[in-house]
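Notes follow the structure.
The values are calculated or read from the model by the stated rules, or taken from the named source; none is laboratory data. Small disclaimer: the values here were computed from a predicted structure and weren't measured. Every residue, glycine among them, receives a Cβ derived from its backbone with ideal geometry; neighbour counts consider all protein chains shown.
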């Protein structure tokens, strides 16, 4: 078994309990400078009603214990810094460290959103340059950097669409969403006050253009499309789709989650998209950080510009920039302050490092996906055979014969030293294996991945139990998710014996 | 390009393996007329040194060298270098959402500890793994209250952060929610009489902030009693978490929406921060956002997983409790590390320093003729003073002395153009406070 696993070997890692269990009164990890004004009595300052003695249960530990605690926890995680992270649709690419460095500079991290605009020109120039870069990459006319993540970008985009229709008379009722879409699309449409109508993909996984013609009624506000689709396939009919929608006064929204296939090669603004969001934590490399933060700028055509959320960056005479908060047609504010500014800083640092070279990144991402596809085709079932862009979607149909499913293969991949691909998505592929290598993987790493996948396919045929019970090498084995949901334990509580004081 | 790990030869080898003649062939599914044939007009590529230089130049155009008395939802607090040291560990920084629990136990346990810390702080029973920020957490708390009560009228205090109220209005507009504002009393807290007059059995939630936007601490327990009479929920928004080191937690609230920025996150021109929703166990299935839970593996070892996912968009699609997917996980980790460092004693001491410094600052300012405290309710580290003239004009003059003056309440409250919201934290030194008071006195002594 072990000689088949080339990328990883086991090594000891440290056990570590919850920090609350290490606590002992009197220890501390943080000391403040001495108070340089007279100390007030909290009871007098606040009144007895409002006063609290201290937070019950808060940890009392020393600095080295804190550092070791979190360092130990960190070693239980997989990370891009350790190797390929082929999660389809997530674009887990290298997170350059210079981006972290510049986001922490004095004068960047230290700035307050309410400081005078004359003292914020540096922040404004950063925002301005990022806006210009994103417009050039998307081919759109206007952009807002406000949304905090992709899903909030989607909401912002749909609110722009709604405001546009309202201005023309009525908001309309429905948003069309393909069955291959991310779950955020339908969830967002509902918050924007729309009914969701799902549209079925045709046999190649593309939008059925003829059917669409019938589905676009005067009630339809927009179609939300992901391009390339979640199958990693470019929606070839997108200009016609745009025409059909526009003929009925509906708009085309593009989920930009898969922009890593397009940047520098083609521009949504050129092929009929009216409004789209970008995930800066995907395409533009801001770290995913275990689930966030992200940023979800929304780029749009000129006619949607008046509806942009506030605040809006405006250039005055002499190049002075200012943030304006009052716009008559604006959809309002979607988040407090100026977007996830620190994330925007990192994305700009990434774009500046590449310049027009972003095209090379896109090419390498598509090259990697196709290289993996070529080597795994036949080993795994390829349900849709149209050309792949930045990701490839297989199914577990061949392995199912031995009762091995995509989740089992994914878990076995962990033993081989890789993070799993995306499992069971998109929903239109039963038992999907959705693989997105990104441009950050070398040929060597791709080859190791291909070897691992082939080896697991062989195991699925010869020793299926080995795959079905994977992972075998992790700190914990498969966890009981049913029990977790049935009787949720969502916080630590002191046990009876350590709790005698309460 | 330094981020790309392939040589030209390797690219050719890979193309050959695929059976493609050129890279262009891999893009053949994009209709020819939409393919770009010219390079994008982007400046760069830049070396690491040039990238750093660009941002240093921008930083120099900002407020470096100024002393600030701004709070208003974003606070300067001490942070330990330990927090950033942990955040920059690649295993935390460059990992994805912990859906694959077996190789994400570090992130999952940290989230579990975050949820616990948030419960301990707020006096609530359950807390989620983070929302975008305090403003969207407040809005999501309102949407949660709507689901829990089946009612659509929302009463929100005017003393809730103006931008939080704006965000709520944006979301509410299309959700069929009717948002009404309730004014403030002479002491700066919510006007309870006005609240009682409009509070009926069609109200889903009463939303207050404490300490509120004027700095006044709201009587949360009493407001909960009022809200509960006709069956409304009480939502308490918290923008300044450090206050909870000295203040009774809002345990009587039904939902708490907190901004965690004060706990280890720099102001960063307004984000990324860490919102959180905390509530009662019985409401957990209507909570938005991710939750980590404790369970066991197939061999009986304890471990953590993301749980109750049937609330979330990737499972429930249009029936989800929220559309949130990416949250603020790394910021929540910063909060967790920071609060663990502070611990019980550190947080208490920090909170008490804030109390002492703010009172010292108020006393210094009150010595200036024409300056008076505007509201009498108890406060934490922010308070409102009324000046004898427009705060905007005063601030313009303070800037010449390298002081970023207090928040101009007139920006959001037209009736308060002479009112300033002053924030003083443990990071503000006595001499800075004295310099501010001296400068303000000098400004006010000059004729208009």
Seminar exercise, completed: Scanning the range A:146-192 for residues that are within 18 Å of residue A:301 (Cβ to Cβ), facing chain B (nearest Cβ under 8 Å) and under 15 Å from the mean Cα position of the chain (by Cα) gives A:154
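So, of the residues in the range A:122-138 that are touching a helix residue (DSSP H, G or I) at 6+ places or on another chain (Cβ under 9 Å) and surrounded by fewer than 20 Cβ atoms within 10 Å (Cβ to Cβ), which turns out to be nearest to residue A:368 (Cα to Cα)? Let's see the steps before the verdict.
Within the range A:122-138, the subset touching a helix residue (DSSP H, G or I) at 6+ places or on another chain (Cβ under 9 Å) is A:122-127, A:129-130, A:133-135, A:137-138.
This time we only want the ones that are surrounded by fewer than 20 Cβ atoms within 10 Å (Cβ to Cβ), so: A:125, A:129, A:135.
On the way: A:125: 36, A:129: 30, A:135: 27 Å.
Result: A:135.
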Seminar exercise, completed: Of those in the range A:68-83 that are farther than 11 Å from residue B:90 by Cα and crowded, with 20+ Cβ neighbours inside 10 Å, the residue farthest from the other protein chains (Cβ to nearest Cβ) is A:69
For this session: Select from the range B:102-111 the residues that are more than 9 Å from residue B:129 (Cβ to Cβ) and touching a strand residue (DSSP E or B) at 6+ places or on another chain (Cβ under 8 Å) and write down the one among them that is surrounded by the most Cβ atoms within 10 Å (Cβ to Cβ).
Result: B:107
Problem set entry | residue B:71, sole failed condition from (1) within 7 Å of chain A (Cβ to nearest Cβ); (2) part of a loop (DSSP other than H, G, I, E, B) | (1)
Problem set entry | Test result for residue A:356, at the interface with chain B (Cβ under 8 Å from one of its Cβ atoms), assigned to a loop (DSSP other than H, G, I, E, B), more than 20 Å from the chain's Cα centre (by Cα) and within 20 Å of residue B:23 (Cβ to Cβ) | no
Seminar exercise, completed: By residue number, the members of the range A:172-183 that are touching a helix residue (DSSP H, G or I) at 6+ places or on another chain (Cβ under 6 Å) and modelled with pLDDT under 95 are A:183
Exercise. Is it the case that some residue within the range B:97-118 is in contact (Cβ under 8 Å) with a residue 24 or more places away in the chain, farther than 30 Å from residue A:470 by Cα and not assigned by TED's automatic domain parsing to the domain that holds residue B:439?
Worked result: yes
Problem set entry | residue B:246 vs. criteria farther than 21 Å from residue B:140 by Cα and under 22 Å from the mean Cα position of the chain (by Cα) | yes
For this session: Name, by its number, the condition in (1) more than 7 Å from chain A (Cβ to nearest Cβ); (2) free of Cβ contacts under 8 Å to residues at least 60 places away in the same chain; (3) in a loop (DSSP other than H, G, I, E, B) that does not hold for residue B:25.
Result: (3)
Problem set entry | Of residues in the range B:264-294 being free of Cβ contacts under 8 Å to residues at least 12 places away in the same chain and buried (at least 24 other Cβ atoms within 10 Å of the Cβ), the one nearest to residue A:493 (Cα to Cα) | B:268
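Go through the range A:23-48 and give me each residue that's within 7 Å of another protein chain (Cβ to nearest Cβ) and either in a loop (DSSP other than H, G, I, E, B) or surrounded by fewer than 18 Cβ atoms within 10 Å (Cβ to Cβ) (or both). Walk me through how you get there before you give the answer.
Step one: of the range A:23-48, the residues within 7 Å of another protein chain (Cβ to nearest Cβ) are A:28-30, A:32, A:35-40, A:42, A:45-47.
If the condition is that a residue be within 7 Å of another protein chain (Cβ to nearest Cβ) and either in a loop (DSSP other than H, G, I, E, B) or surrounded by fewer than 18 Cβ atoms within 10 Å (Cβ to Cβ) (or both), then A:28, A:29, A:30, A:32, A:35, A:36, A:37, A:38, A:39, A:40, A:47 are the ones that fit.
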Exercise. Just a yes or no: is a residue in the range A:84-96 at positive phi and either part of a loop (DSSP other than H, G, I, E, B) or within 7 Å of chain B (Cβ to nearest Cβ) (or both)?
Worked result: yes
For this session: Mind counting the residues in the range B:125-176 that are within 18 Å of the chain's Cα centre (by Cα) and assigned to a loop (DSSP other than H, G, I, E, B)?
Result: 8
Seminar exercise, completed: Scanning the range B:300-352 residue by residue, the ones that are assigned to a helix (DSSP H, G or I), farther than 20 Å from residue B:134 by Cβ and at pLDDT 95 or above total 9
For this session: May I ask you to list the residues in the range A:289-309 that are within 10 Å of another protein chain (Cβ to nearest Cβ) and without any contact (Cβ under 8 Å) to a residue 40 or more places away in the chain?
Result: A:289, A:291
